[in-house]
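Before any comments, here is the structure.
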Amino acid sequence: MADISTNFVGIQSPNPFWLASAPPTDKAYNVERAFDEGWGGVVWKTLGEAGPPVVNVNGPRYGAIHGSDRRLLGFNNIELITDRDLDVNLKEIYEVKKRWPDRAMIVSLMVPCEEQCWKAILERVDDTGADGIELNFGCPHGMSERGMGSAVGQVPEYIEMVASWCKQYSRLPVIVKLTPNITDIRYPARAAKKGGADAVSLINTINSIVAVDLDNFAPVPTIDGKGSHGGYCGPAVKPIAMNMVAEIARDPETKGLPISGIGGIETWRDAAEFISLGCGSVQVCTAAMTYGFKIVREMIEGLSDWMDDKGYQSIGEFQGMAVPNVSDWQHLNLNYVTKARIDQDSCIKCGRCHIACEDTSHQAITNMVNGERVFEVIDEECVGCNLCVNVCPVENCITMEQISGVDPRTKEPIDPDYANWTTHPNNPMAAKDAAE
């Protein structure tokens, strides 16, 4: 049986599944029930400095985007960091860690961007027995207007500065949680590394308005007739998160920097994909808020079964395996030619492939053949875009097939050798290089 335990920057965990900093990790009651269900670790909901706790709104805090079957696709929140007393949180962290020594206990922190503020809270967190700290430089609402959260995460110089303070004043591994609300994720990651951070985690939530109530013309969630931008998460953000993880994993300046992946993870497959892009652990929030703590059981079983099936003995054996295959467009093989193939036995003749191709692509799929409703690919028109595969409601009914010989569309022989845009004769830059 595969070993799914992890060692992330020295933090041991029985599995790679951690609950992310959010309402599910707000108190001991929640965290211990999560551990009972099998979660490998938690990132305790973000703590602020000592003194009067922050104040949350006393009304709706969430908005959502649903699919046609009411499945939650995207989730938005306007909740702030913990509104519980710092002393109560620290006491509970100490007690929970003592009772669950084999689980990863990370403490999320967000205090004003002043050295003394960070020094003061780090000393107190160190005494809890926690395994690590996560610097919340990602939350895009409420706290960012006060100069914290993503307001720090959008300035690489601040990230480097605070990370260095934390390394100076804490014995614990430092994980910097990055905001996706920035043009190029590589710059804050590089800054975290320069500041001495042990790892980065990403992504935090994305600035968003998920809906407008057309009865009162206010954003959702609505508080007394007004709304505010909030942080977007859930399955809809997974593609954005994976791209940002990959950018850091393959950046020569941050290559090898440990990454904890976050963003729309709700199945074992999601987790495996993040791990294949270099992540050493994964954090989950929206899925737990939607389906409850027990979903981790399916994640653990599914990941373990898949690893057994593939012959992987440990997480490390496939961690980062996808990174070398993430490329820039200019390096893709332009001599790789495919055509769509429709399995007539599986086809339900709904016509989606024809409509999509006819109206928005390359008019390469029939709808009538010899007077009958038949959908066939016209190789002379098909560019292999695979739009038909994606709109088809029947899985594996339409597949893509690589061809060789002569391309029926171009009537030109297909070169079997790899060639990309950097050397293509239509590339003016390539022509310039050749002329020089």
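The values are calculated or read from the model by the stated rules, or taken from the named source; none is laboratory data. Owing to the predicted nature of the structure, the values given are computational and were not obtained by experimental measurement. Neighbour counts are summed over all protein chains in view; Cβ atoms, including those assigned to glycine, are modelled from backbone coordinates with ideal geometry. All accessible areas refer to the heavy atoms of the entire protein, side chains included, with ligands and DNA or RNA removed. Shrake-Rupley method; radii C 1.70, N 1.55, O 1.52, S 1.80 Å.
One table, with the values for the structure above:
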item	result
Test: E247 is among the acidic types (D, E), in contact (Cβ under 8 Å) with a residue 12 or more places away in the chain, open to solvent by 10 Å² or more (accessible area, probe 1.4 Å) and not in a loop (DSSP other than H, G, I, E, B)	yes
Near pairs, Cβ below 9 angstrom, 6+ apart or cross-chain, from the range 88-108 (closer than 18 Å to E37 by Cα and in contact (Cβ under 8 Å) with a residue 24 or more places away in the chain) to any residue that is of a type in the set (K, R) and open to solvent by 30 Å² or more (accessible area, probe 1.4 Å)	V96/R103; K97/R103
Looking only at the range 23-40, and only at residues there that are small (G, A, S) and at negative phi, the one that is nearest to the chain's Cα centre (by Cα)	G40
Failed condition for S260, given (1) in contact (Cβ under 8 Å) with a residue 40 or more places away in the chain; (2) closer than 28 Å to G59 by Cβ	(2)
Residue check, T286 open to solvent by 40 Å² or more (accessible area, probe 1.4 Å) and not basic (K, R)	no
Those residues of the range 298-318 which are open to solvent by 10 Å² or more (accessible area, probe 1.4 Å) and not in a helix (DSSP H, G or I), in sequence order	G311, Y312, Q313, S314
Single match in V391, V374, V383 (criterion: in contact with a helix residue (DSSP H, G or I) (Cβ under 6 Å, 6 or more places away or on another chain) and either open to solvent by less than 40 Å² (accessible area, probe 1.4 Å) or modelled with pLDDT of 95 or more (or both))	V391
Selection status of S21, assigned to a loop (DSSP other than H, G, I, E, B) and open to solvent by less than 40 Å² (accessible area, probe 1.4 Å)	yes
Meets criteria (closer than 30 Å to V220 by Cα and crowded, with 16+ Cβ neighbours inside 10 Å) for P16	no
Test result for I78, of a type in the set (V, I, T), more than 16 Å from I262 (Cα to Cα) and touching an Asp or Glu at 6+ places or on another chain (Cβ under 6 Å)	no
Yes/no for F274 being of a type in the set (F, W, Y), assigned to a helix (DSSP H, G or I) and within 26 Å of R103 (Cβ to Cβ)	yes
Boolean, S281 is at pLDDT below 95, small (G, A, S) and either surrounded by fewer than 19 Cβ atoms within 10 Å (Cβ to Cβ) or outside any helix (DSSP H, G or I) (or both)	no
Qualifying position, being in contact with a strand residue (DSSP E or B) (Cβ under 7 Å, 6 or more places away or on another chain) and surrounded by 18 or more Cβ atoms within 10 Å (Cβ to Cβ), among G48, G74, G67	G74
Unique match (being out of contact with any His (no Cβ under 7 Å at 6 or more places or on another chain) and without any contact (Cβ under 8 Å) to a residue 40 or more places away in the chain) among G234, G138, G225, G153	G225
Restricting the range 118-138 to residues that are among the acidic types (D, E) and under 25 Å from the mean Cα position of the chain (by Cα), the residue that is least open to solvent (accessible area, probe 1.4 Å)	E134
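Matching residues to (1) surrounded by fewer than 18 Cβ atoms within 10 Å (Cβ to Cβ); (2) at pLDDT 95 or above; (3) of a type in the set (V, I, T):
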site: V296; (1), (2), (3): no, yes, yes
site: G320; (1), (2), (3): no, yes, no
site: V326; (1), (2), (3): yes, yes, yes
site: W329; (1), (2), (3): yes, yes, no
site: N335; (1), (2), (3): yes, yes, no
site: Q344; (1), (2), (3): yes, yes, no
site: T360; (1), (2), (3): yes, yes, yes
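Here is a yes/no grid of residues against (1) at pLDDT 95 or above; (2) under 20 Å from the mean Cα position of the chain (by Cα); (3) under 22 Å from I81 (Cβ atoms); (4) surrounded by 18 or more Cβ atoms within 10 Å (Cβ to Cβ):
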position	(1), (2), (3), (4)
P140	no, yes, yes, yes
E145	no, no, yes, no
E157	yes, no, no, no
W165	yes, no, yes, yes
S170	yes, no, yes, yes
A192	yes, yes, yes, yes
F217	yes, no, no, no
D224	no, no, no, no
S228	no, no, yes, no
